[in-house]
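Enquirer: Sharing a structure below in structure tokens format, with a few things to ask.
The values are calculated or read from the model by the stated rules, or taken from the named source; none is laboratory data. Computed from a prediction, not measured in an experiment: that's the story for all the values here. Cβ atoms come from the backbone with ideal geometry, glycine included; neighbour counts cover every protein chain shown. Ligands, DNA and RNA are excluded from the accessible area calculation, which covers all protein heavy atoms including side chains. Shrake-Rupley method; radii C 1.70, N 1.55, O 1.52, S 1.80 Å.
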Amino acid sequence: MTRLADGDRAAFPLLFAALWPMLRRFTLHALENAADSEDAAQSALLKVFARAVEFDPGRAALPWILAIAANECRTLRKRTARRREEPIDALVNAPHDKGELEQLVLDCDLERAAREVLQELCPHDIETILAAIGGELSERPDVAPATFRKRLQRAYERLRATWRARHGAS
Amino acid sequence: MALREASELEQRARRAYEWSRLRSGVGRSWPAIALSGISLSWCNDLELCLLCGLLLVASSVGLLWRGQAWGRASRPALLSGVAPALAPMLGQVLERVLPAVSCSTSCALVCIVGGVVGGGLFGYRAARFETEKLPYLVSGAVILTLAGSLGCLQMGTLGFTSMLGGFVLGGIPVVAIRSLARRGP
């Protein structure tokens, strides 16, 4: 990375060959599906090379690169979450009575708030919570049940703390 | 990912890298732009100064884009070139203060002095490099000559050759002495 920042073009193919598989593995672990992880990995790779000239040789390269990749994953996750939210208009236009409609809007807001808070957690905690609640995104990690319960407890604690910090309520 | 897609991604990454190097080169060439602007403000021959200024900025951007030793010489050479670039301003002041001294004499003198100072300063920095010395010296010489030309070329051939003579007089001894000192007894 230092050589490339200095202008040594011979370092480019070596760095590309090392970074591309690593970034693909990292984004696949952080995101929910293969298509999104491929997009994030490509964006991260292009950003790493576009910012290579700014790289400070005094710092470690790997954390710098992974920070760029993590940022791309966060951006993509936010974009995906926004796409998933149902527009309020669809709810308003659907035939409901007033009480039902209010409850639907409240449920939507709550779900949106929960997703936002969930996305602030680290990928490990998200994975653990989703595995616990089940559904298409869940895949129980291959650990002992006691270990999984401990992980889940810690993930819920961090989720509650993040919720309190954001919404001021438990 | 298919081989063709990986190859396309590599090309995109390479383009992103080269464009960012070029943008960085332009941004870091602000001293060359500033020096060219200053010399234009008091220049007698605008076309000549503009040409020198454009060549200086283009060389600075190109060498910084290239990087490694080629780019590392750019800033020290530019700083060293300030002396010969601004020396003729001093020559004009001398001409007014000492009207008995002709411009050709005073201008040649200030260009020699400016060249010695510039050559000495750059030589001092250049002596630090043990590896990649040739690219460093070549790119430094280009920038130093173009920067000095902003001032001394206005004085005509005499001014320009005096400046070059000053670079040699100032630079070579400094490089030689520093290199010997670094090698030790």
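Enquirer: Pairs under 9 Å by beta carbon, first residue away from chain B (no Cβ under 11 Å) in region A:9-27, partner open to solvent by 60 Å² or more (accessible area, probe 1.4 Å) and at pLDDT below 95, six or more apart or different chains?
Expert: Matching pairs, first to second residue: A:LEU14/A:ARG3; A:MET22/A:LEU62; A:THR27/A:ASP39.
Enquirer: Does A:ARG74 meet the test of being farther than 18 Å from B:ALA13 by Cβ and either at the interface with another protein chain (Cβ under 10 Å from one of its Cβ atoms) or surrounded by fewer than 21 Cβ atoms within 10 Å (Cβ to Cβ) (or both)? If you could, list the steps in order and put the result at the bottom.
Expert: On the way: farther than 18 Å from B:ALA13 by Cβ: yes; either at the interface with another protein chain (Cβ under 10 Å from one of its Cβ atoms) or surrounded by fewer than 21 Cβ atoms within 10 Å (Cβ to Cβ) (or both): yes.
The answer is yes for A:ARG74.
Enquirer: As an exercise: evaluate B:LEU63 against (1) more than 19 Å from the chain's Cα centre (by Cα); (2) within 17 Å of A:ALA5 (Cα to Cα) and give the number of the one condition it does not meet.
Expert: Just one mismatch for B:LEU63, condition (1).
Enquirer: Between B:GLY114, B:GLY140, B:GLY148, which is touching a Lys or Arg at 6+ places or on another chain (Cβ under 9 Å) and assigned to a helix (DSSP H, G or I)?
Expert: Values: B:GLY114 fails: touching a Lys or Arg at 6+ places or on another chain (Cβ under 9 Å); B:GLY148 fails: touching a Lys or Arg at 6+ places or on another chain (Cβ under 9 Å).
One residue alone meets the criteria, B:GLY140.
Enquirer: Let me ask you something else. Could you grab me the full set of residues in region B:23-47 that are of a type in the set (D, E, K, R) and at the interface with chain A (Cβ under 9 Å from one of its Cβ atoms)? Break it down into steps so the answer makes sense when it comes.
Expert: Start the filter on region B:23-47 by keeping residues that are of a type in the set (D, E, K, R), which leaves B:23, B:28, B:45, B:47.
Across region B:23-47, the qualifying residue is only B:ARG23.
Enquirer: Taking the options B:SER60, B:SER20, name whichever one is among the polar types (S, T, N, Q) and more than 10 Å from chain A (Cβ to nearest Cβ). Steps first, answer last, please.
Expert: On the way: B:SER20 fails: more than 10 Å from chain A (Cβ to nearest Cβ).
The unique qualifying residue is B:SER60.
Enquirer: I would also like to ask the following. So B:ARG66 passes all but one of these: (1) farther than 20 Å from B:MET155 by Cβ; (2) surrounded by fewer than 14 Cβ atoms within 10 Å (Cβ to Cβ); (3) not hydrophobic (A, V, I, L, M, F, W, C). Which condition number does it fail?
Expert: (2)
Residue-wise test of (1) in contact with a Lys or Arg (Cβ under 9 Å, 6 or more places away or on another chain); (2) in a helix (DSSP H, G or I); (3) crowded, with 18+ Cβ neighbours inside 10 Å.
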residue: B:ASN44; (1), (2), (3): no, no, no
residue: B:VAL57; (1), (2), (3): no, yes, yes
residue: B:VAL61; (1), (2), (3): yes, yes, yes
residue: B:ARG75; (1), (2), (3): yes, yes, yes
residue: B:LEU78; (1), (2), (3): no, yes, yes
residue: B:GLY81; (1), (2), (3): no, yes, yes
residue: B:ALA87; (1), (2), (3): no, yes, yes
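Enquirer: Could you check B:SER39 against (1) out of contact with any Cys (no Cβ under 7 Å at 6 or more places or on another chain); (2) open to solvent by less than 80 Å² (accessible area, probe 1.4 Å); (3) farther than 19 Å from A:ASP8 by Cα; (4) in contact (Cβ under 8 Å) with a residue 24 or more places away in the chain and say which number it fails?
Expert: The number of the failed condition is (1).
Enquirer: Taking only region B:115-148 into account, find how many residues are small (Gly, Ala, Ser), open to solvent by less than 10 Å² (accessible area, probe 1.4 Å) and within 19 Å of B:PRO31 (Cβ to Cβ). Even if it seems obvious, please write down each step before you answer.
Expert: In the first step, residues of region B:115-148 are kept if they are small (Gly, Ala, Ser); the result is B:115, B:118-120, B:123, B:126-127, B:139-141, B:147-148.
So of that shortlist, the ones also open to solvent by less than 10 Å² (accessible area, probe 1.4 Å) come out as B:115, B:118-119, B:123, B:126-127, B:139-140, B:147-148.
After this cut, where a residue has to be within 19 Å of B:PRO31 (Cβ to Cβ) as well, the list is B:118-119, B:126, B:139-140, B:147-148.
Of the residues in region B:115-148, 7 are small (Gly, Ala, Ser), open to solvent by less than 10 Å² (accessible area, probe 1.4 Å) and within 19 Å of B:PRO31 (Cβ to Cβ).
Enquirer: Output the qualifying pairs, or none if there are none: Cβ atoms under 7 angstrom, residues six or more apart or on different chains, first residue in region B:70-91 and within 14 Å of another protein chain (Cβ to nearest Cβ) and over 13 Å from B:LEU56 (Cβ atoms), second residue of a type outside the set (Phe, Trp, Tyr) and surrounded by fewer than 24 Cβ atoms within 10 Å (Cβ to Cβ).
Expert: These pairs meet every condition: B:TRP70/B:PRO135; B:GLY71/A:GLY7.
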